[in-house]
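Structure incoming, see below.
Coordinate-derived values only; no laboratory data. What you see is a predicted model; the values in this text were computed from it and never measured. Please note: Cβ atoms are built from the backbone with ideal geometry, for glycine as well, and neighbour counts cover all protein chains shown.
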Amino acid sequence: MTDITSIALSVGFMAVLGSILASILVLANKRLFVYEDPRIDDVEDLLPRANCGACGSPGCRPFAEGLIDGTYEPAQCTVNAKETNELIANYLGVDLGAQEKRVARLACAGGSHVAFIRASYAGMSSCRAAALVSGGGKGCSWGCLGMGDCAVVCDFDAISMNKYGLPVVNEDRCTACNDCVEVCPKDLFELHSVNEQLFVACKNLEKGEEAESQCEVICTACERCAVDSPEGLIDIRNNLAVVDYRKNDLASKVAIERCPTGAIVWFDKQGGYQVGKDAKKIIRKEMLPIG
Amino acid sequence: MGLLNLFRRSKTFRHGVHPMDHKEQTAHLAIRRLPFAPKIYVPLAQHIGAPAVALVKPGQEVVRGEPIAEAGGFVSVPMHAPVTGIVRAIDQLVPTAAGPKTPAIVIETYEAATQEVLYGLDRDLNALTREELIQAVQASGMVGLGGAAFPSHVKLLPPQGKAIETLIINGCECEPYLTCDHRVMLEQTDRLINGIRAMLRATGARRAIIGVEDNKLDAVRAIREKLPAGETISCEAVETKYPQGAEKMLISSLLNREVPSGGLPVDIGVAVYNVGTLAQLGELIPRSRGLIERVVTVSGPGVGKPGNYLVPIGTPLRFLMEQVGSSSAANEVIVGGPMMGMSVASLDVPVTKGVSGVVVFEKTAEDQQQHTVHPCIKCGACLDACPIHLNPSMLGQLAGARMYETMASDYHLNDCFECGCCSYVCPSNIPLTQYFRIAKAVNRETKAIAA
C-alpha cells in the first residue's frame, strides 16, 4: 500500500515538475524568440565553408548574411564554382555580380640556382624562424627563404615548392584569400588581378653590382623599364622598379624587353610568365655553392 | 627549500639552468687593443629606439671621437667617429645580426691614424648638475653595453611619480664564454666606481649594489678593496647560474623583490646598469667624449687567439676574425653569448655598441644536422627551468597551433625575455624559444597593421 502511494507520489511530483518547467521553456521560446532569415542557412549550405576570408568577410556565415542584406554579391566568393554562385544568385533573386579573378604573386625569382647563399641555415625549418636568425642564409636580405611557410598555410593547396625552393602559385586554385601574404616574413606575396600582367618579381633595395652579386635575377635599378614604358607607369623607388597599377591600361610588354636580368616579367592569363629577350639565359640546374 | 637557502652562501633566484661556462679560455687574459680595420661601418640604428641622423657628408674628414650622427629623438643616441679618416658613404646598407640590412656611415681609415683620442674637453664631474649629467650621458652615445643596447639616459629619467631608490650594477655575466665584464671589473675598477658615483647623483638613488656571480670572486675582492668604508656602494656575490644577469633575476636575487608583469624595474624603484656601461661612463663623461670602442670577448673553439679585445665600434667581423685567427673548420659565428646571442649569416656584420662577445664554433656535419623534434612528453622540465615561472610547454603547444594571440593574452608571452632555458632543458628538442620569438614577431606585426 505504502509502495503504491510513494510510487504515485513520485511519478505525480515528476509530472508536475516536468510540466512546470516545460511551460517555462514554452514561454521562453515565445518571449525570447529571435527571428533569423531561413535563407541564411540555405545560402550557407551552398558556400564552401572554408572560412578563408577572400571575399572580405570574416567567414562564410557572415558572408551569407551579407548576401541577403545586399552588402556582398555572390561572385565575390572566389572559392565556389561559377555555377554554384549562379545558384545562389537565382535563389536570392539578385545579380551575380562581377568579380575579377585575383591571384597571389611572389615578388622574388631568386631560386637556389640563381641566388647566392651566404650561409647555411640549420635551425628550425620555418621561414619565420630563419628570418629571425640574421635574416636567414640567403645573400639577398629581401629574398624568398624557401622553407615553404606559405605552402603550409595555404588552405587550397594552391602553393607548391619547386626544385629551386621557390613557391609556385597554381592560379586556378588560388582564391586570393591573403593567408600567404600574411604569413610571409619577407612580405613577398602580393595579390593582383589577372589583368595586371606586368610584375616586378624582386624586392631588393640595392642597386648595380652590389645587387647583382647577390642574385642573377634581381632588379638592379637600371631604369630601362621605366624609360621604355609610358610615363608614370614604372617608377624607381629606393632602387626598385615599382609598377603603378592605377595606370595598368598603359602596360605592355615593352617594359620587359630590355631588362638585363629578367626581374620584371609579363604574366599571360594562363598562369605562365615571360621575360624579355635581353634577360640572362639561365641554364644552370643545380644549386649555387654556399659561401 | 627554505631550509636549504639558509645554508647557501650566495644570493640567488629560483629556477634557471647551469650550462658549462667555458670562461677559462679568456678569463685570465688582459684587455688588448685591436688595430683599425681599413673600413669602418657605423650603423645608424644600433640601439633600441629611433635611428641616429647623420651629421657628416661623403668626402668629409672626421677625427676619432668626433660626433658623426645626432640622436633622432629622445629614445635615441648620437654616434661618434671610431677612427680618423674620410667618410665614404652615409647610407650604405650593411647586414646586421638582427636580419634586415640597415644604413650605415662608412669611414675609410687613414693608414697612420692614431688610437689616441684627441677629441673632447676635460671637465669636473662633481660640478655638473643632475640635468647636465643626464645630457652628458646622452651626448656620450651610451647604451646598455650588456647586450640590450637600450639608451642609458632614458633610464635616468623615471616617469612622473616614480623615483629610483636603488641602483643595481650588473656584473653577473652569466652567458658562457663571455669574460669582458669580468676583465672590466678587474682592470677598470676606478672608472667603474667613478661611473657609479656619477649615476648615483644622476638618479638620486640612495644606494648602489654591484652584483657579481660567485665564479668571479677575484673581481668582488678587487672592487671591495677600492670601496671606502661607509660608502653607499656595496658589492655582493650571487650564485653562478644562468640567467643571473637578466635584470629581473638579479633584482630578485639581490633585493628579493619582483618586477610586476609587463613593468620595468623603475616600477619598484630600481635601475639596473651593466658594469661595462658604468666603467665607460666613468671614463667618458669627465672628458666629454663619446662611445667609440668597447671590450669584446672573442672566444670559442674556432678562434686562434681568444681574448678580450678593445674593438672600435663598426669593425666588421671579417676583420676581427683575421686579427684573432680562426681555424679552417670554424663555421658558426655567434654575436653575443651562445645562450641569447645571434648566429650571423655574413661576416660583413659590424661590431655594434651592444656586442659583448663573438663566439666561434667548429661544428661537425653531425652537429649541424637538425635534431629530431619529438612530441612534448609533459615532463615539466621547462617549467622548472623558466626563471619567470611561465608555462613553456603550454606556450609551445599553442605556438604549434599558431594561436599567438592566446599566448600573449592568457599565458604571459610578453614576459618571456627569450633566455633559452626551456629549449636548453627540453628532452624532446622542441625549439621553444624559437617558437616564442616567432610568436612575438607575428604579434608585433599584427599590432602594427591594426594601428
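With Kirkwood's inverse mean 1/r over C-alpha pairs for Rh, give me the Rg to Rh ratio of the range B:308-354, two decimals please.
Ratio value, two decimals: 0.93.
Beyond 29 Å between alpha-carbons counts as too far, so tell me which of A:LYS163/A:LYS277; B:LYS39/B:LYS226; A:LYS186/B:LYS241 fall in that bin.
B:LYS39/B:LYS226; A:LYS186/B:LYS241
For B:LYS216, B:LYS11, B:LYS226, what ranking results if the residue with the fewest other Cβ atoms within 10 Å of its Cβ goes first?
Ranking B:LYS216, B:LYS11, B:LYS226 by Cβ neighbours within 10 Å, fewest first, gives B:LYS226, B:LYS11, B:LYS216.
What stretch of chain A, leaving out the sites themselves, is the longest with no chymotrypsin sites (Phe, Trp or Tyr not before Pro) in a DSSP loop having at most 11 other Cβ atoms within 10 Å?
Longest stretch, sites excluded: A:36-291.
Here is a follow-up. Based on the Cβ-Cβ distance from B:HIS412 to A:ASN238, what FRET efficiency comes out when R0 is 51 Å, to the nearest 0.05?
Working: r = 39 Å, r/R0 = 0.76.
The computed FRET efficiency comes out at 0.85.
Treating only the Cβ atoms of Lys and Arg (+1) and Asp and Glu (-1) as charged, compute the dipole magnitude of the range B:299-451 about its Cα centre; round to the nearest 20 debye.
220
Counting other Cβ atoms within 10 Å, which trypsin sites (Lys or Arg not before Pro) in the range B:362-450 have at most 16 and lie in a DSSP loop?
Qualifying residues, ordered by number: B:LYS363, B:LYS378, B:ARG402.
Something else now. Want the number for A:GLU223 to A:LYS82: 0.36 nm per residue separation, take away the alpha-carbon distance, what's left?
That pair, A:GLU223 and A:LYS82, stretches by 46.6 nm at full extension.
Under a plain spin-label model, where a point goes 7 Å from the Cα along Cα-to-Cβ, how far apart in nm are B:SER327 and B:ARG257?
About 4.8 nm separates the two model spin labels.
If you don't mind, there's one more thing I want to ask. Other chains' Cβ within 10 Å of A:123-132 residues: what's the mean?
Other-chain Cβ atoms within 10 Å of each residue's Cβ, averaged: 5.
Under 1.5 on a/c is rounded, so check that first for the range B:348-418, then, if it is not, pick prolate when a/b is larger than b/c and oblate when it is not; a ≥ b ≥ c are the square roots of the alpha carbon gyration tensor eigenvalues.
Details: a/c = 2.19, a/b = 1.41, b/c = 1.55.
It is oblate, given that a/c is not under 1.5 and a/b is not larger than b/c.
Just grab the label-to-label distance for A:ASP157 and B:ALA365, each label 7 Å out from Cα along the Cβ direction, in nm (one decimal).
3.6
If the convex hull of the alpha-carbon atoms of the protein assembly as shown is projected onto planes in all directions, what is the mean projected area in square nanometres?
46.6
Could you tell me the distance between the Cα centroids of the range A:182-228 and the range B:259-308, to the nearest Å?
Value for the Cα centre distance between the two parts: 41 Å.
May I pose another question? Under the definition of Cα pairs under 8 Å and six or more residues apart, what whole-number percent is the relative contact order of the range B:342-451?
In percent, rounded to a whole number, it is 26.
When the Cα centres of the range B:407-425 and the range A:1-63 are compared, how far apart do they sit, in Å?
Comparing the Cα centres of the range B:407-425 and the range A:1-63, I get a distance of 43 Å.
Also, quick follow-up: Taking springs between alpha-carbon atoms closer than 10 angstrom, which of A:ALA129, A:ALA75, A:ALA211 fluctuates most in the Gaussian network model of chain A?
Top of the fluctuation ranking is A:ALA129.
With the contact rule set at Cα under 8 Å and sequence spacing of 6 or more, what percent relative contact order holds for chain B? Present the calculation step by step, with values, prior to reporting the outcome.
Numbers: 990 pairs, mean separation 84.1, N = 451.
So the answer I get is 19 percent.
If you put +1 on each Lys and Arg Cβ and -1 on each Asp and Glu Cβ, how big is the dipole of chain A around its Cα centre, in Debye rounded to 20?
With only Lys, Arg, Asp and Glu charged at Cβ, the dipole is about 960 debye.
To continue, here is another question. Please report, ordered by residue number, every helix of chain A (full DSSP H runs) that is 18 Å or longer along its axis going by C-alpha atoms and whose mean Kyte-Doolittle hydropathy reaches 0.0. The partial results should precede the final answer.
On the way: long enough: A:2-31 (43 Å, 1.36).
Both cut-offs are met by A:2-31.
Read phi for every residue in the range B:125-142 and hand back ³J(HN,Hα) as whole Hz from Karplus 6.51 cos²θ - 1.76 cosθ + 1.60, θ = phi - 60°, with x for Gly and Pro.
The phi angles translate into 4, 6, 7, 7, 7, 4, 4, 5, 4, 5, 4, 4, 5, 5, 5, 7, x, 7 Hz.
Quote the charge dipole size of chain B about the Cα centre in Debye, to the nearest 20; the model charges only the Cβ of Lys and Arg (+1) and of Asp and Glu (-1).
On the way: 42 positive and 43 negative charges, 105 e Å.
Charge dipole of chain B: 500 debye, to the nearest 20.
So what is the calculated 222 nm ellipticity per residue for the protein assembly as shown, using -39500 (n - 2.57) for each DSSP H run with n of 4 or more, over all residues, to the nearest 500 deg cm²/dmol?
-8500 deg cm²/dmol
Okay, moving on. The range A:222-291: which GluC sites (Glu not before Pro) are DSSP loop and have at most 15 other beta-carbon atoms within 10 angstrom?
On the way: sites: A:GLU223, A:GLU231, A:GLU257, A:GLU286; in loops: A:GLU223, A:GLU231, A:GLU286.
The qualifying sites are A:GLU223, A:GLU231, A:GLU286.
Now, a different point. For an R0 of 30 angstrom, estimate the FRET efficiency from the Cβ-Cβ distance between A:ASP278 and A:SER120 and round to the nearest 0.05.
Efficiency at R0 = 30 Å is approximately 0.35.
Given Cα pairs under 8 Å that are at least 6 residues apart, what percent is the relative contact order of the range A:18-99?
21
What's the longest uninterrupted piece of chain A once you rule out the trypsin sites (Lys or Arg not before Pro) that are loop residues per DSSP with at most 16 other Cβ within 10 Å?
Longest run free of exposed loop sites: A:174-252.
Same structure again: What FRET efficiency would be calculated for the residue pair A:ILE290, A:VAL168, taking the C-beta separation as r and a Förster radius of 22 Å, to the nearest 0.05?
Taking R0 as 22 Å, the efficiency between A:ILE290 and A:VAL168 is 0.40.
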